[in-house]
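What follows draws every value from the coordinates through simple rules; no lab data is involved. Since this is a predicted model, take the numbers as computed values, not measurements. Neighbour counts run over all protein chains shown; Cβ positions are idealised from the backbone, glycine included.
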Amino acid sequence: MSNERTDRAPWTIEDVPVEGVNDLAALGLLTRLENFVEYGDPEAFRADAAETFDPAALAGEMDEPGTRFRWVLDDGEPVAYVATDEDPIRGGCDPGIPGRGLHLHRLYVLGSHQGRGIGRALLDDTVAYASRGDRSFIWLCVWDRNPSAMAFYEHMGLRPFGEHSVDIGRATIRDVILSLDLR
């Protein structure tokens, strides 16, 4: 059985409009919980996700200079998104790499839509955007307990070069920092 769609136009990648913040918040919360709630302290992860994806907080994040939110719509419904930020400090993890980088802050695809090339398309879209903006690298942080994400990013050419820790509730998680040289 193939995941390819033959009966209608494929999904599309678009900028998230301000009026889409509630749909983005719902998608963000769902994808975060799909990926992380089974690890560590489930209540702490739920609380962190609820705070991160509060529509008002997310709208404020969307208004920050240098941020960019894109999503994938499948039959008009959001199924994945990517958030990038030019400010490494706002993302909470300065990569310490010389040059002008772009922080790929979040890239999530609903579990029901994984394996269809959507993550690759969002990453390719981000690389093209970063290249047009004269960035020399893209970087991101991936939880070390997310081997499928690590494998995906490494397959796409990103390489690990560091790590940092994040406290969520009573749990401390370790993120691996990866980068992709665009020069």
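Normalising the Debye intensity of the chain to I(0), with uniform scatterers on Cα atoms only, and taking log10 at q = 0.12 Å⁻¹ returns -0.57.
When the charge dipole of the chain is built from unit charges on Cβ atoms (+1 for Lys and Arg, -1 for Asp and Glu) and taken about the Cα centre, the candidate among 98, 121, 142 whose Cα reaches farthest toward its positive end is 98. The DSSP beta bridges internal to the chain are antiparallel in roughly 90% of cases.
As a check on your grasp of the helix formula, calculate [θ] at 222 nm for the chain: sum -39500 (n - 2.57) over DSSP H runs of n ≥ 4, divide by the residue count, round to the nearest 500.
Per the formula, -10000 deg cm²/dmol.
Taking the convex hull of the alpha carbon positions in the range 57-150 and averaging its projected area over all directions gives 6.9 nm². Exposure proxy shown here: for 71, 143, 11, the number of other Cβ atoms within 10 Å sets the order, fewest to most, as 143, 11, 71.
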